[in-house]
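The values are calculated or read from the model by the stated rules, or taken from the named source; none is laboratory data. Please read all numbers here as calculations on a predicted model, not as lab measurements. Ideal geometry is used to build each Cβ from the backbone, glycine not excepted, and the neighbour counts take in all protein chains shown. Heads up: the accessible areas ignore ligands, DNA and RNA and are worked out on the full protein's heavy atoms, side chains in. Shrake-Rupley method; radii C 1.70, N 1.55, O 1.52, S 1.80 Å.
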Amino acid sequence: MGWLKDMLTGPDNRTIAIGRLLGSIVAALLLLALPSVAVITVLAGISTVETWRELLGALGLYVPLIVGAITGLIWGTNPTEPKPAGEEGTTNG
C-alpha cells in the first residue's frame, strides 16, 4: 500500500493532496466503474451496446475538460502543499 500513499500524498508524504485524491477518484470512475456498469447492464439485458457506444462517444467532449480541471486542481494546489523538511525555500522553525 506504499504506492497508494505516495500517489495520494503531497511532497511531504504525509498530507493528503486534494487534487491527487479527486483526480484518482475521477480516473477510477471513468476507467473502472463506468465500463463495468456498461458490461453489467448489457449482459443483464437492461441496455444495448449501441446505447453505451453513443454515451461513451459523447464522453469524448467531456473527458478532456475533466482532465484539464483535474490537472489544474493538482497544479493549483501544489504550492499550498507542505514541503519536506530541509527543502530549499521552506521556513521550518
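Just one of (1) over 11 Å from the mean Cα position of the chain (by Cα); (2) open to solvent by less than 70 Å² (accessible area, probe 1.4 Å) trips up LEU21, so point out which.
So LEU21 meets the others, but not (1).
What about LEU22, is it at negative phi and modelled with pLDDT of 85 or more?
no
When the range 7-52 is examined, which residues are found to be touching a residue at least 12 places away in the same chain (Cβ under 8 Å), within 19 Å of GLY72 (Cβ to Cβ) and not in a helix (DSSP H, G or I)?
Hits for the range 7-52 are GLY10, PRO11, ALA17.
For the range 50-90, enumerate the residues that are among the hydrophobic types (A, V, I, L, M, F, W, C) and surrounded by 11 or more Cβ atoms within 10 Å (Cβ to Cβ).
Within the range 50-90, TRP52, LEU55, LEU56, LEU59, VAL63, ILE66, VAL67, ALA69, ILE70, LEU73, ILE74 meet the criteria.
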